[in-house]
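Student: Please see the structure below; I have some questions.
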């Protein structure tokens, strides 16, 4: 259908559309309907948390929501978020977002709930989103705040330390920068605290700026106290030990592999095995190896005490690189033949 206007011009498409609009209402109101605002955030978790920050500009709400979620992710790496950790999340969210205490507490609670129920799918996605909307300095500040959260109980265990390393990788924070940030928390890292207390070298609560090895960063382990080769005295006649046999007190260490250890191990294996070979040559490590089912590593180590052994494991590149986590250490009586 072609219609001719008074000025002599013709229109087919325009008049067909007008006809359809009049008959069926197609296209009515399209020009006056306001556009739907874009959702705040790429992930459902960020959108849900940002919704509690209605008075805040959308971009800032998105940033604060992702920030709160990642603090909760760090806190929950050891299965549960403690009240002291949630309180620290709320404090940091209030500080970063300029929020009142009640709103910050609500955001912290919601972030904790989202991580608990949706962490398996959202953890990496939210981290990637935060990386996209943050500056390098803000990413470093996030890592520092994550360490503040996991250290809220005055202790950073191997699993928490591993999670911070993992976040740094996902956020593209360079290893030297992560190393510098972690050094601020050396006095909180498991094993090292007890070693220093036993040596009396560091007053309680005083931080030491000592480089902490991170993934792929070679370096010597923390200074070790002289190793005590503790063993039972030479048996007297009538003892329950036969002549020429003694029991040496050493330490049995079991260190589980992380879920993605197979993918992570190749990057660190040469450095790890070279260090083990050196420790064996020095007499510190007696045996070391992994189980056939790739579930854990088992080591026999000489040392003065449990804390020293933990420090040795903590400083291994497999721990900082996310191959090992959550070591257990028990005393072990090793039978030694001296005949």
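Conditions tested, residue by residue: (1) over 15 Å from residue 333 (Cα atoms); (2) touching a residue at least 12 places away in the same chain (Cβ under 8 Å); (3) loosely packed, with under 12 Cβ neighbours inside 10 Å.
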{"position": "281", "(1), (2), (3)": "yes, no, yes"}
{"position": "297", "(1), (2), (3)": "yes, yes, no"}
{"position": "301", "(1), (2), (3)": "no, yes, no"}
{"position": "306", "(1), (2), (3)": "no, yes, no"}
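Student: Quick one: which residue in 170, 140 is farther than 16 Å from residue 52 by Cβ, touching a residue at least 12 places away in the same chain (Cβ under 8 Å) and not assigned by TED's automatic domain parsing to the domain that holds residue 66?
Tutor: 170
Student: Kindly list, by first and then second residue, each pair from a residue in region 58-78 that is within 13 Å of residue 114 (Cα to Cα) and not assigned by TED's automatic domain parsing to the domain that holds residue 121 to a residue that is surrounded by fewer than 24 Cβ atoms within 10 Å (Cβ to Cβ) and modelled with pLDDT of 95 or more, limited to pairs with Cβ atoms under 6 Å and residues at least 6 apart or on different chains.
Tutor: Matching pairs, first to second residue: none at all.
The values are calculated or read from the model by the stated rules, or taken from the named source; none is laboratory data. Quick caveat, the model's predicted, so the values are computed rather than measured. We place every Cβ from the backbone using ideal geometry, glycine too, and count neighbours over all the protein chains shown.
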